[in-house]
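Bear in mind that the values in this text are calculations on the coordinates, not laboratory data. All figures in this text were calculated on a predicted structure; none of them were measured in a lab. All Cβ positions, glycine included, derive from the backbone under ideal geometry; neighbour counts span all protein chains shown.
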Amino acid sequence: MPGRNRRRGRFEAAITGLGMMTPAGTGTAASWKGIRQGAGTEAVKVPELADIAADFVCRVPGFDPVEVLGRRRAGQFDRSSQLLLAAAIEAVADSGLDPQTWDGARVAVVIGNGIGGAQTWETQHRRLLDSGSRRVSPRLIPMLSANMAAGYVSMEFGAQGPSMVTATACASGTTAIGTARELLRSGACDVVITGGTEAPLTPSLVSGFSQMGALSKRTDDIRAASRPFDADRDGFVAAEGAAVLVLERAEDARARGAGIRAMVSGYGASADAYHPTAPDPECKGAALALRAALRDADVTAQEVDHVNAHGTATLINDATEARLIHGVLGDRPLVTSVKGVTGHSLSAAGAIEAAVSALTLAESFVPPTANLESLDPEIELEVVAKEGRWMPVEVVVSNSFGFGGQNAVLVLTRA
């Protein structure tokens, strides 16, 4: 029977498949387990970063691209594409759809990716400087280009529908999922493979974030370094990761008897038009996106049970997002940031958090915010800490914000 949140005029995109490669675990089950436990930041020291203030990052533990793709194929992809393909293979298998029998012309791909093949670029640039241009790989361009994140997924599954990459910085994964839902609504396709990926853990990029003052310098306790909403937070921990969702129109998914994790029921996007890296302290642009997502989902602020926050653990961003949530949604919804466990995987973050939001709805469990010991007294929210909460969850908001004032918000509802 339709749930109490199903509205006649609302367009619902059913999430029928999930795939996750995160610092919390390799695969959806392992990632969800780590996030549910909320034990702390899965960070590791990196010798190549020894000369900067933040010499640690979050990697996907135990990920072996050769095991997933084979040795020959794995060597053809940048780390960001390896993670993405692994997540996509898991998500499509989870959906129960068969790429051998589906109509590829009706399958679209939308992936969030802001930086592209960062590790390939840095490796090949070093080779150019050390050994000359003849030693640069002929695969450099297809391994580097950001659009290839979608291109490789399309090739993997014979998806011949619209194929694109969204690049809205740390909002990219969320923008991709919102765009994917719009393709379904328009009738341009029947299935969309969507999500986000990023593997930015190179010396130059981590150094760049460190020089900006964006990264935590808690080198003496890296497991407690990422502290969203905590009074002692001092920056984010750079991470890699990928997450993929398979979306279908709700009626199509029900007709084939698919297992539906949750519905993507609303999407809103906006720009701050304020500053290259800092959020608008008055939250005007972000509020536009949040209110647009609520309208699109046909839900009121009072109906939102949970917010999966962007929650980067930086001083300004957490405080600004807290003002946004309190100003638009009040103090009713429980709030969580999973970045206390996963670190911040940039373009992949929104997709990872959308997948977590779907699992929260499916299992009626709100995960905790790791490393939250003392809530910043200026943050007027009920942030879940220490242990997760078992509770009925019908409506979840998932926020993402990026450099350039990019704002993207999803509303997910129970299937």
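Details
- Segment 197-210 - residue that is touching a strand residue (DSSP E or B) at 6+ places or on another chain (Cβ under 6 Å) and assigned to a helix (DSSP H, G or I) and, of those, surrounded by the most Cβ atoms within 10 Å (Cβ to Cβ): Val206
- Looking only at segment 167-191, and only at residues there that are among the hydroxyl-bearing types (Ser, Thr, Tyr) and within 28 Å of Arg254 (Cβ to Cβ), the one that is surrounded by the most Cβ atoms within 10 Å (Cβ to Cβ): Thr174
- Some residue of segment 119-131 being outside any helix (DSSP H, G or I), of a type in the set (Asp, Glu) and free of Cβ contacts under 8 Å to residues at least 40 places away in the same chain: no
- Residue tally, condition of a type in the set (Asp, Glu) and more than 19 Å from Asp234 (Cβ to Cβ), over segment 369-415: 4
Yes/no matrix, rows are residues, columns are (1) over 30 Å from Val136 (Cβ atoms); (2) surrounded by fewer than 23 Cβ atoms within 10 Å (Cβ to Cβ):
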| site | (1), (2) |
| --- | --- |
| Thr16 | yes, no |
| Gly27 | yes, yes |
| Asp55 | no, yes |
| Val60 | no, no |
| Val66 | no, yes |
| Asp78 | no, no |
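- Condition check for Ala309: buried (at least 24 other Cβ atoms within 10 Å of the Cβ) and touching a helix residue (DSSP H, G or I) at 6+ places or on another chain (Cβ under 9 Å): yes
- Per-region count, segment 37-63, residues on the phi > 0 side of the Ramachandran plot and touching a residue at least 60 places away in the same chain (Cβ under 8 Å): 2
- Close pairs (8 angstrom Cβ cut-off, 6 or more residues apart or separate chains): in a helix (DSSP H, G or I) in segment 310-336, surrounded by 24 or more Cβ atoms within 10 Å (Cβ to Cβ) and among the charged types (D, E, K, R) anywhere: Leu315/Arg233; Asp318/Arg233
- Residue in segment 110-118 that is in a helix (DSSP H, G or I) and not aromatic (Phe, Trp, Tyr) present: yes
- One residue stands out among those in segment 211-225 that are loosely packed, with under 15 Cβ neighbours inside 10 Å, part of a loop (DSSP other than H, G, I, E, B) and not acidic (Asp, Glu): the one that is nearest to the chain's Cα centre (by Cα), which is Gly213.
- For segment 132-149, the set of residues classified as in contact with a Leu (Cβ under 9 Å, 6 or more places away or on another chain) and either in a helix (DSSP H, G or I) or in contact (Cβ under 8 Å) with a residue 60 or more places away in the chain (or both) consists of Arg135, Ala149, listed by residue number.
- Condition check for Thr194: in a helix (DSSP H, G or I), surrounded by 24 or more Cβ atoms within 10 Å (Cβ to Cβ) and of a type outside the set (Gly, Ala, Ser): no
- Of all residues in segment 243-269, those that are over 15 Å from Val411 (Cβ atoms) and not in a loop (DSSP other than H, G, I, E, B) total 10.
Quick grid of which residues meet (1) out of contact with any Asp or Glu (no Cβ under 7 Å at 6 or more places or on another chain); (2) within 19 Å of Ser374 (Cβ to Cβ):
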position	(1), (2)
Ile177	yes, no
Val191	no, no
Met212	yes, no
Asp220	yes, yes
Asp230	no, yes
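- Among the residues of segment 370-401, the ones that are of a type outside the set (A, V, I, L, M), surrounded by 24 or more Cβ atoms within 10 Å (Cβ to Cβ) and under 25 Å from Thr300 (Cα atoms) come to 4 in all.
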